[in-house]
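In what follows, a structure is listed as structure tokens, so that the remarks can point back to it.
What follows draws every value from the coordinates through simple rules; no lab data is involved. None of the values given here were measured: they were computed from a predicted structure. Don't worry about glycine lacking a Cβ; one is built from the backbone with ideal geometry, like all the others, and counts go over all protein chains shown.
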Amino acid sequence: MNWNWFYRMGSPRWFYESTSRWLPWLAALTFVLLAGGLVWGLAFAPQDAKQGNSFRIIYLHVPASFLALAGYFLMATAGAIGLIWKMKLSYMVMKCAAPLGAVLTFLALFTGAVWGKPTWGSYWVWDARVTSMLILLFLYLGVLALQYAFDSKDVGNKASAILALVGTVNIPIIYKSVDWWFTLHQPATIRFTEAPSMHPDMFQPLLVMILGFYCFYAVALILSVRVEILARERKTSWVRERVKQATQNTLGAGL
Amino acid sequence: MISNTGFWAFLRRDLLLINRRRGEVASPLIFFIMAATFVPLATTPDAELLKDIAPGIIWVMALLATLLSAESLFASDYQDGSLEQLLISPQLIVMPVLGKVTAHWLTTGLPLTLVSPLLGLLLSLPTDGYLPMMAGLAVGTGCLSLLAALGAALTVSLPKGGLLLTLIVMPLYMPVIIFGSATAQYSIQGLAWTGPLAILGAMLALAIALCPLAISSVLRLTTIN
């Protein structure tokens, strides 16, 4: 098998230049999906029989939760690739995925709280899934805190990669134990054991939103990795060339 | 092949070192008792209410006591350079690390387990709960020590790593806390308590197998660089 593509991905320059070509298209697709999904979900999808309009927050809540969890695995995988093949680029991906994932986890918790008030009667409920998300936020914060604690960026990267991997081993255990803990302490007032099956009219916009969030995550991650690349490679000739060109262009436009 | 090279040597060495500074063993224990005493003062002396939350309080305090004592696990070896000497040795350092963690458990986890009945008494834990609580603590503090050692290895080179250690290890402690306090709670409610204890044992087995490997690679990273 030809592994050239894999080794090429380790080059920050190659990543920067190839993403420059197709990033605008991906951004446009993201905009179309998110705008379409939001308008469809918020304005045209039918009301829920029991929850009325308040159910519509799932069009943000569910995709954010999906990406929060997937983002953790992406971060840990990038860290593992960095540790094994010593790729600079994968550490950058890991570093940029951490704050993004933490924000998405917070968004999932926040939208859940906003939805919980009218539906469950309180902003916070010790539900198994809610608690797991909170622990996920703590795991993200731990990785972030460790990343920035070291003077040497290299040690910070490797240490937080190992921590992310340890967290990955722990996530299934955490999830199962919270689940088990919840069945032990399940309060009688809340019945949320099974999500009712959704009507296709409600489900289709949700699917669009999930796709849109995946694209948005990719765009946001690539953008922040590009910034990271420029910052770290600022002394190389290709970055200097680019900066020179960009300043000349803006100067030319200004004149 | 991993032989037990260095396990007993490092266990004996660390126990000897700790024996020369006995105050350090007492501090987490005193903290454990003091902090748990504050809970009835801050909430209520009502025995009925305390009995329900007693296992939880004891477990949270055991967690904090372990975390407080973990910072010193590799600190003195890091400062006097013996950690570096250990790392440049040709063999794997998995067994020495396990020996050090075992010494830590023998001087924090085990004493905490042994004084826990006293706290049970203070927090009016029903008598049925003592044995399961102690069994759970004995197994669970092993997991706590291993994970705390991982945190200590990650933060050993940082000047003020103590708080960061707490921050990164605490989310990993959650399963241990859940099943540990469940062991005692089950017995109080008259249920079979060996189930959660068995799960704690499984977690300990997993931690013994994986943590020393992770700790030794982390030490190589944070100490050599």
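Observations
- Taking all Cα-Cα distances within the protein assembly as shown, those exceeding 38 Å account for 37%.
- Ranking of A:Leu211, B:Leu11 by count of other Cβ atoms within 10 Å, fewest first: A:Leu211, B:Leu11
- Net charge, A:Val239 excluded, C-beta distance under 13 Å - Lys, Arg +1, Asp, Glu -1: +4
- Cα-Cα P(r), chain A, percent of pairs per 10 Å interval: 6, 24, 29, 23, 12, 4, 1, 0
- Among B:Ser72, B:Ser187, B:Ser82, the residue with the largest mean-square fluctuation in a Gaussian network model of chain B, with springs joining Cα atoms closer than 10 Å, is B:Ser82.
- Rounded to 10°, Cα long-axis angle of helix B:109-122 versus longest principal axis of chain B: 20 degrees
- Along chain B, the longest continuous region that contains none of the trypsin sites (Lys or Arg not before Pro) in a DSSP loop with at most 11 other C-beta atoms within 10 Å is B:23-159.
- Legend: ranking of residues A:Trp180, A:Trp3, B:Trp59, A:Trp238 from fewest to most surrounding C-beta atoms inside 10 Å; resulting order A:Trp3, A:Trp238, A:Trp180, B:Trp59.
- Computed over every Cα-Cα pair of the stretch B:7-224 and binned at 10 Å starting from 0, the pair-distance distribution P(r) comes out as 8, 34, 34, 17, 6, 1 percent.
- In terms of surrounding Cβ atoms within a 10 Å radius of their Cβ, B:His104, A:His199 rank from fewest to most as A:His199, B:His104.
- The calculated 222 nm mean residue ellipticity attributable to helices in the protein assembly as shown amounts to -27500 deg cm²/dmol, summing -39500 (n - 2.57) over DSSP H runs of n ≥ 4 and dividing by all residues.
- The stretch B:19-72-the stretch A:124-178 distance, computed between alpha-carbon centres (Å): 26 Å
- Trypsin sites (Lys or Arg not before Pro) within the stretch A:63-111, DSSP loop, no more than 14 other Cβ atoms inside 10 Å: A:Lys86
- Principal axis extents of the Cα atoms in the stretch B:1-91, from largest to smallest and rounded to whole angstrom, are 59, 30, 18.
- Per residue of peptide B:211-218, the mean number of Cβ atoms on other chains within 10 Å of the residue Cβ is 2.
- Averaged over peptide A:144-156, the number of partner chain Cβ atoms lying within 10 Å of each residue's Cβ comes to 3.
- Karplus-derived 3J(HN,Hα) values for the stretch A:92-98, using 6.51 cos²θ - 1.76 cosθ + 1.60 with θ = phi - 60°, are 5, 4, 4, 4, 7, 6, 5 Hz; glycine and proline are entered as x.
- Quarter of the Cα convex hull surface for the stretch A:61-177, i.e. its orientation-mean projected area (nm²): 7.1 nm²
- Chain B: most fluctuating residue of B:Leu73, B:Leu16, B:Leu125 per GNM, C-alpha cutoff 10 Å: B:Leu16
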